[in-house]
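One structure below.
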Amino acid sequence: VGVNICFDNWLPESGRLVALQGAEVLIAPYVWSVGPWDSPPDHAARNRAWKDYAGRTFPARAIDNGMFLVAINEYGTTSPREGTNFGNPVVMVYSPLGQLIAESPDEADDEVMVVAELDRELLRERRSQGVFHPRFRRPELYGLLSEVGD
């Protein structure tokens, strides 16, 4: 199991590094808000918006790296009187084939538990496919990735 924290999950290289170190599952925790932090929460709308946005990235990370991916986002609302109130969870679990296999309900507004079976056969199936991308990597060509800055 590997962990990438918050913003690192938006960078494809961080997921690849975890996979190259042998991880079969990537845990991807966030604290990230969709919309203004200080607006009253419409839990279902915010959860769905985060799922829609993140659902464009995570399936690709799972497929490219042949691993399960568990994305967890907990964002809060900020009130001058109450401070920051966290507890609006979103959980999405993807298979190594990029399929969404479990998710929290859109209307979740407090702690939530999501249970998913991580079938090792799916992991074996993805990693044995003839077109599994890491097999064709050519690191000698990628040196520029570590040299180029902003």
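The values are calculated or read from the model by the stated rules, or taken from the named source; none is laboratory data. Values in this document were obtained by computation on a predicted structure and should not be read as measured data. No Cβ is skipped: glycine too gets one built from the backbone with ideal geometry, and neighbour counts run over all protein chains shown. Surface accessibility is based on the protein's heavy atoms, side chains included, excluding ligands, DNA and RNA. Shrake-Rupley method; radii C 1.70, N 1.55, O 1.52, S 1.80 Å.
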Discussion item. Whole-Hz ³J(HN,Hα) for each residue in the stretch 46-51, computed from phi via Karplus 6.51 cos²θ - 1.76 cosθ + 1.60 with θ = phi - 60°, x for glycine and proline: what do you get?
Written reply: 5, 4, 5, 4, 5, 4
Worksheet entry | Whether the stretch 92-150 is rounded, prolate or oblate, judged on the alpha carbon gyration tensor where a/c under 1.5 counts as rounded | oblate
Item to complete: Please turn the phi angles of the stretch 4-16 into ³J(HN,Hα) values with the Karplus equation 6.51 cos²θ - 1.76 cosθ + 1.60 (θ = phi - 60°), one per residue in order, whole Hz, x for glycine and proline.
Response: 10, 9, 6, 4, 4, 5, 7, 9, x, 5, 5, x, 5
Fill in: Heavy atoms of R16 accessible to a 1.4 Å probe, total area in Å² rounded to 10
50 Å²
Response to the item:
Counting only residues 5 or more apart in sequence or on a different chain, those whose built amide H sits under 5 Å from that of V3 are I27
Fill in: Simple label model, 7 Å out from Cα along Cβ direction - H133 to A45, nm
3.4 nm
Worksheet item: Along the stretch 104-114, what does the Karplus equation 6.51 cos²θ - 1.76 cosθ + 1.60 (θ = phi - 60°) give for ³J(HN,Hα), rounded to whole Hz, x for Gly and Pro?
Response: 6, x, 4, 7, 4, 9, 8, 3, 9, 10, 10
Response to the item:
Sorted by chain and then number, the residues having a modelled amide H within less than 5 Å of the amide H of A102, at least 5 places away or on another chain, are V93
